[in-house]
Structures are given as C-alpha cells and as structure tokens.
Amino acid sequence: MRKMIFSATLAVIMIFAAATPAHAQERFEEILGTTATVNVDGYIFEITEYHDANYRVIRTFEREQIPNLNRANTEAAISESKALLSALGKNERMIELISTEDLVNIAMSSRVQTSMAHMLEDEFGNMHYIYGDYAYASPSNIRNFGHIQVAHTAFHLGQGRFGFLTSATWLSMPAFRNFGSIGSIAQTVVIDSMSPASFSYDEHLIFLGNITTRRIHGTAQSQWAAQGDLSGSAAIFNLPSDHHSGSTSVVNTNFTVSISHIATQRHYGSTFNSVGNYTHRTLNFTPSPSISISGFSIGIGVGWGYNVYTPPMLRIAHWIIGTVPGS
C-alpha cells in the first residue's frame with residue numbers, strides 16, 4: 001500500500017490520483033488498493049481505495065474504537081460523520097440530505113464503505129462512465145451531456161445490523177427529464193426500517209436578464225421490494241423540467257436525491273453483497289413506473305428506455321473491532 005498525506009484544502013474528489021493499471025480486471029480484489037491519510041475540516045481519516053476498469057471507486061474507513069455518544073458530544077459526532085462521508089467521496093449536496101439519525105449511526109459504525117461512479121448521458125440517452133477527476137477538471141468538455149455522480153454507502157452497526165444509503169447528484173442535468181428512481185438492495189437481509197427519499201435542486205428564475213435562485217426541497221415515499229435472496233428499498237420521483245416563455249425562463253440544476261434503510265442479516269456473520277443504483281427513464285411512455293428488482297438492481301425498470309447508473313457492488317464481511325476485517 002502506498003500512503004499519501006493530503007492538505008485539508010485539497011478537494012476530496014481529487015484525493016486519489018493513482019491510475020488504474022491497464023491490465024486491471026473488473027473484480028476489485030484483483031486491483032491493488034491505495035491507502036491515504038485524509039484531513040477534512042480537521043478530522044483525520046485513513047481511507048483505503050480501490051478502482052475498477054470503468055473508473056468506479058470503492059473507499060473504506062475502519063474505526064478502531066466506537067465512541068460513547070451523549071447529548072454533549074452528539075453534535076461533534078455528526079460533524080465528524082459529514083467530514084467522513086466527504087472523505088469517502090459524497091459531495092456536499094448529498095451530505096446535506098442525509099438525516100441526523102443516519103449521521104449518528106455512521107458516527108457509531110465500525111466500518112463505513114462507499115462505492116462511487118461518475119457517468120455521462122449523451123443527447124441520445126446513451127450512458128458512459130467517466131473518470132471523476134476529469135469531470136471536475138474539464139466541465140466545459142461535458143457541458144452538453146448529463147453528468148451524474150452516484151454513491152452507495154454501507155455502514156456496520158453491530159450484531160448483524162447494517163445501514164444502506166444511496167445518493168445521486170446530476171452535476172449537469174440530462175437533456176431528457178422524466179421519472180427517476182433511487183434505491184439500495186442487499187443479499188440475505190431483512191429490512192428493519194425505511195426512510196423516505198429526500199431530494200433538492202436549485203431553481204433559477206430568469207427574467208429580463210435578472211436571475212433569482214432558490215433551493216427546492218422535497219421527499220418521495222420509499223417502497224420495499226424483494227426477490228429471491230435480495231431485498232431493499234427505493235423511491236420514484238420526477239426530474240424537474242426547464243420552462244421558457246417570452247422573456248421568462250426557469251432553469252433547474254443540481255438535482256440531488258438520497259435514500260436509506262436499516263437491515264439485519266438473516267445469517268449473522270455471513271458475507272454478502274450490497275449495491276445502490278439510480279434509474280433514469282429516457283423515453284416518455286406509459287404505464288406509470290413502479291418499483292421492482294431485476295438482476296442486482298432495484299428501481300423503475302431496466303432495458304430499453306432506461307439507464308441504470310450503478311456504482312460498484314460492495315462485498316460486506318462481518319468483523320469485530322480488533323480483528324482483521326474481511327474484504
């Protein structure tokens with residue numbers, strides 16, 4: 001493992017600059033990892049990162065000791081969780097939508113893993129993976145594409161209980177707006193509780209050259225689904241459309257959505273897989289969408305007329321603090 005120390009002022013998305021080897025395989029365990037000591041807002045984290053051949057990333061943080069939270073230190077723990085999620089790759093808009101309950105649970109988690117991917121959707125609705133650093137460094141080269149970042153987080157709560165949190169941000173809005181869905185699924189777990197999906201976006205009112213911007217917030221009802229040994233939760237929403245009429249325009253940007261649930265393993269101590277995904281319907285047709293599981297994906301649909309944006313699958317192993325964690 002190579003170890004690098006980064007300044008707190010360095011953008012977290014640019015932290016890991018090591019390129020994926022040309023012979024790299026799709027399986028993450030076959031690609032050498034990089035460990036970095038990361039400083040975010042004064043909080044120090046040691047993060048391990050793995051890449052795959054499509055520039056998708058998995059980052060892992062392992063906590064040596066679980067803090068004892070009380071009313072006096074909960075606020076500090078929440079701040080630390082936000083810094084940790086930033087170090088793991090979630091952007092500021094994603095973190096803004098995460099509930100206090102999830103942030104407290106993350107502060108008490110022995111292991112937090114995030115898988116992440118950046119993808120483009122061209123004017124024909126085709127999907128392309130892209131290296132995140134390039135996307136941020138060269139926005140002018142992709143301004144005519146829909147650019148989405150999707151991040152899936154799993155956090156271990158002990159005694160076979162886990163939290164699953166999936167977030168997505170359209171950093172550049174897609175040309176075609178329609179239904180979308182976001183969700184998380186895992187193998188051999190039973191869902192204990194679900195939270196509604198939360199979303200936000202910026203609405204820009206343009207009138208005679210003057211621009212007024214406001215942040216819009218909303219929620220979407222979460223739905224449970226199961227098939228075989230897979231179960232999870234997802235929510236459906238509509239991407240906001242832009243409007244132009246005479247001297248007035250309404251332009252929407254930075255649509256961000258997040259959903260979470262808590263689940264317990266059916267077979268305590270076993271290793272299992274989890275994934276989150278964002279589905280975007282690229283064609284306007286009926287019937288109205290509904291949530292289902294297809295393959296290792298949960299959402300409104302797969303196949304023709306849909307793009308399913310999926311960060312890499314997380315392989316989650318049971319472990320106890322003081323032992324070497326599984327991968």
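Scanning the stretch 219-270 for residues that are under 21 Å from Phe199 (Cα atoms) and aromatic (Phe, Trp, Tyr) returns Trp224, Phe237, Phe255. Does Pro289 satisfy the condition of being closer than 23 Å to Pro240 by Cα and either assigned to a loop (DSSP other than H, G, I, E, B) or at pLDDT 75 or above (or both)? The answer is yes for Pro289. Taken together, the residues in the stretch 224-271 that are under 25 Å from Phe296 (Cα atoms) and hydroxyl-bearing (Ser, Thr, Tyr) amount to 9.
Of all the listed residues (Glu96, Glu64), the sole one being in contact (Cβ under 8 Å) with a residue 60 or more places away in the chain and under 19 Å from Ile259 (Cβ atoms) is Glu96. Against the condition farther than 29 Å from Val112 by Cβ and assigned to a strand (DSSP E or B), how does His147 come out, does it pass? Spelling it out, it is not the case that His147 is farther than 29 Å from Val112 by Cβ and assigned to a strand (DSSP E or B).
Looking only at residues of the stretch 225-257 that are out of contact with any helix residue (DSSP H, G or I) (no Cβ under 6 Å at 6 or more places or on another chain), in a strand (DSSP E or B) and among the hydroxyl-bearing types (Ser, Thr, Tyr), we find that the one that is surrounded by the fewest Cβ atoms within 10 Å (Cβ to Cβ) is Ser245.
List every residue pair whose Cβ atoms sit under 7 Å apart, with the two residues 6 or more apart in sequence or on different chains, where the first one lies in the stretch 155-177 and is in a loop (DSSP other than H, G, I, E, B) and the second, anywhere, is surrounded by 22 or more Cβ atoms within 10 Å (Cβ to Cβ) and of a type in the set (Asp, Glu). Note: pairs meeting the criteria are Pro174/Glu121. Scanning the stretch 192-234 for residues that are in contact with a Phe, Trp or Tyr (Cβ under 6 Å, 6 or more places away or on another chain) and either of a type in the set (Ser, Thr, Tyr) or modelled with pLDDT under 95 (or both) yields Tyr201, Ser233. The set of residues from the stretch 53-90 being part of a loop (DSSP other than H, G, I, E, B) and either at positive phi or crowded, with 22+ Cβ neighbours inside 10 Å (or both) comprises Tyr55, Arg56, Leu88, Gly89, Lys90.
Can you pull out every residue in the stretch 243-267 that is without any contact (Cβ under 8 Å) to a residue 60 or more places away in the chain and of a type in the set (Val, Ile, Thr)? Within the stretch 243-267, Thr248, Val250, Val251 qualify. Close contacts from the stretch 22-44, counting a first residue that is over 18 Å from Pro312 (Cα atoms) and among the aliphatic types (A, V, I, L, M) and a second that is modelled with pLDDT under 85 and assigned to a helix (DSSP H, G or I), with Cβ to Cβ under 9 Å and a gap of 6+ residues or different chains, come to Val38/Val12; Val40/Val12.
Going through the stretch 259-291 one residue at a time, which ones are surrounded by 13 or more Cβ atoms within 10 Å (Cβ to Cβ), under 21 Å from Met119 (Cβ atoms) and of a type outside the set (Lys, Arg)? Listed by number, the residues that qualify are Ile259, Asn273, Ser274, Val275, Gly276, Asn277, Tyr278, Thr279, His280, Thr282, Pro289.
The values are calculated or read from the model by the stated rules, or taken from the named source; none is laboratory data. This one's a predicted model, so the numbers in the text were calculated from it and none came from an experiment. When we count neighbours, we look across all protein chains shown, and the Cβ atoms used for this are built from the backbone with ideal geometry, even at glycine.
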